[in-house]
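So the structure is just underneath, and the comments pick up after that.
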Amino acid sequence: MQKLLRIVPLLVLSLGVFTSASVRAEEKDDTPLGKAMSEMNKNMKVVGKALKAGDLAAVVAPCREAQKATIKSFEFLPASFDKIPAAEKDKATADYHLQLSQLHTKLIELEIACMKGDKEAAGKIGASIGELKKKGHDDYKKD
């Protein structure tokens, strides 16, 4: 019971981050990257609801779809990169790809935790995914 009480705040936190990221993503972004990110956010909203409900089996499929969207995102750069001087663009691109890789890895870890039925790990990983997404948006989604 105590484990469950420790997990619930993590699950609620992760759902809140997923939802707030989804709300921001609903701003119209018709770029290829925007479409990939919207697909990721749509699936992460499902993941967040399933985590909150404790339905780990329902996390796996949308988690895999979010992984696919993450891979698709590697093909594109954020619009904010248009303002980066050419001399700095290679480093910025590498940093962006590193963050996408970290997100993709966490999504795989979440999938595995859910397939194992490990609610505590899934909650922690879900929260860390929310933090990565927030950092990515803070770093790269410039209005």
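Read-outs throughout are calculated quantities, based only on the coordinates presented, and are distinct from any laboratory measurement. Being a predicted model, the structure only gives us computed values, none of them experimental.
Excluding same-chain neighbours fewer than eight residues apart, the aspartates and glutamates reachable from LYS119 by a Cα-Cα span under 12 Å are ASP55, GLU111. Converting phi to 3J(HN,Hα) with the Karplus coefficients 6.51, -1.76 and 1.60 and the offset θ = phi - 60°, the stretch 98-110 yields 4, 5, 4, 5, 5, 5, 4, 4, 5, 5, 5, 4, 5 Hz in sequence order, with x at every glycine or proline. For LYS89 and GLU75, the difference between the fully extended length at 0.36 nm per residue and the C-alpha to C-alpha distance is 3.5 nm.
Here is the link list: LYS49/LYS83; LYS83/LYS124; LYS42/LYS116; LYS35/LYS89; LYS89/LYS116; LYS52/LYS133. Which ones come out longer than 30 Å on Cα distance? Walk me through the intermediate numbers first.
Working: LYS49/LYS83 37 Å; LYS83/LYS124 35 Å; LYS42/LYS116 24 Å; LYS35/LYS89 22 Å; LYS89/LYS116 41 Å; LYS52/LYS133 18 Å.
Beyond 30 Å: LYS49/LYS83; LYS83/LYS124; LYS89/LYS116.
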